[in-house]
C-alpha cells in the first residue's frame, strides 16, 4: 500500500523549518556585548572598550550612553569594527547603559541588557607613612591601594614634592606593593612618594588618579673624607674621617671600619657620637686600596663607603729633636732635627700655639731640603700667642706625611732682646737686657752661643 503526501504539505513544512525564530543568518542586527550589565567601569582610570556584533549594517554606527538620568551622545559615525575605545566620562552612577545604533538614525540598534556601574578610579599610598624613617641603601616596601587601574607609576621627591624622579615607570597596580632598595636618591627630611595611573598619557604631574604620601625621611650617611685618592701615613699625623648625615638624630651613634678589599672590614671605632668627624690614628696597614665605612651603630640602618680607594703608606718623615716635653728660652736658637726617607724631597716646619688645632709656618722653615735634617730656629713667640708650642715637620708635597713633637714650653723671662710681655707685666718698656743664671747650653736643644744682647 502506498502513501502519498500532498505537495502543498511539503512546501508548508519547508517554510516552517526555515523560519520559526531563525533568521537563517540573513536578517540585519546589532548586538551590544560589553558593557552588557553588571560590570563596574571606572573614570579617571583606564579606557574601556565598548564592543558589539552586527550583520547587515552600514559602515558606521553611532554610540550613546545613559548616565542614570539621560542619554548622551558619545560618538557619531564610528567605524563599524565591533569595538570602540571609550574614555570614560566623569559620571558616577550604578544605572548606566550603552546603545549602539546604525548611523544616521537607522532602525537597527541595541543597548546593554542590564545596567552597569561607572565609578571613579582611585589610588592611595599606604607606605611610607608620614614621618617614616627609611635608611638609604636598605630595601623598603612601597604599598598602595588602587581601584580601576591596571598599572601604576611610582616616583619619589626629596624636596617636599617640588620635583620628582622615577622609582619605577610602570608596575602591576593589582600587586599593591613594590620593593625599593632606596638607591639613587639624596637624603632628605622632606621626602614624598607619589603613585599614579601609569596608563594615563599625561605627564606624571597631570595624571589622574594620583596620590602622595605624607613627608618622610630618607636617612643618609655620606663619607666625605677619605673619599678616594688621598695618601695617608702610618706614624704620620692623625687624620680626620668626616661624614655628612641627613635625617638622623644628633644622639645617634655610628660604627667606623676600614677595609683593603671591600669585603673584610676592620674596626676603627664603635658607637662613636654621630657628629660627623673622628680623629683616626693611622694603622700600619699599608695598601693602595683602602676604603672607610661609616654606618649607624649596631650594623643596621644607613651606611656609606668611600667612593674610591685611598692609600696608607709608611711615614717617611720622623722628628728627631725635640721629641719630649722640653723648656726652651725665648730668643735663643734651637735646632729642629728630623730624618726623611724615600720620595720626600722637601719639608716644611710648622708651629702650633693652640695645642695642635691650627698650624702656621715657622718663618724661614718652608720648602727646606729634606736631606739636610736640620733647621735652626731663633725662637720668637708671635704677638698675642701663649707660652707653649708644638712643632711639626711635614713633607711639602704630602702634608699628612709628618711627625709632631710633644709640647715645648717657652720661658719668656730668661733671655734678652725684644720680647712679648709676660702675663701680669705692666706696660713699662724693657730697656735693659735681662740676664739669668741659666746658660743656653743648659737648656735642652739650645745652641752653645750666648744670648744676643
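The values are calculated or read from the model by the stated rules, or taken from the named source; none is laboratory data. Note that the structure is a prediction, hence the values are computed from the model and not measured. With ideal geometry, Cβ positions are generated from the backbone for all residues, glycine too; neighbour counts draw on all protein chains shown.
Some notes on this structure:
- Residue 321 vs. criteria within 30 Å of residue 412 (Cα to Cα), surrounded by fewer than 18 Cβ atoms within 10 Å (Cβ to Cβ) and either touching a strand residue (DSSP E or B) at 6+ places or on another chain (Cβ under 8 Å) or not assigned by TED's automatic domain parsing to the domain that holds residue 380 (or both): yes
- Residue 153 surrounded by fewer than 17 Cβ atoms within 10 Å (Cβ to Cβ) and either assigned to a strand (DSSP E or B) or out of contact with any strand residue (DSSP E or B) (no Cβ under 7 Å at 6 or more places or on another chain) (or both): no
- Selection within the stretch 278-297 - outside any strand (DSSP E or B) and surrounded by fewer than 17 Cβ atoms within 10 Å (Cβ to Cβ): 281, 283, 284, 285, 286, 297
- If only residues of the stretch 263-277 that are under 21 Å from the mean Cα position of the chain (by Cα) and at pLDDT below 95 are counted, the one that is surrounded by the fewest Cβ atoms within 10 Å (Cβ to Cβ) is 275.
- You will find that of 146, 130, the residue that is touching a helix residue (DSSP H, G or I) at 6+ places or on another chain (Cβ under 6 Å) and touching a residue at least 24 places away in the same chain (Cβ under 8 Å) is 146 and no other.
- Filter result for residue 306 (outside the structural domain of residue 397 (by TED's automatic domain parsing), within 30 Å of residue 319 (Cβ to Cβ), in contact (Cβ under 8 Å) with a residue 40 or more places away in the chain and touching a strand residue (DSSP E or B) at 6+ places or on another chain (Cβ under 7 Å)): yes
- Flag if residue 82 is surrounded by 14 or more Cβ atoms within 10 Å (Cβ to Cβ), over 18 Å from residue 66 (Cβ atoms) and not assigned by TED's automatic domain parsing to the domain that holds residue 200: yes
- Apart from one condition, residue 319 fits all of (1) under 38 Å from the mean Cα position of the chain (by Cα); (2) part of a strand (DSSP E or B); (3) in contact (Cβ under 8 Å) with a residue 40 or more places away in the chain; the exception is (1).
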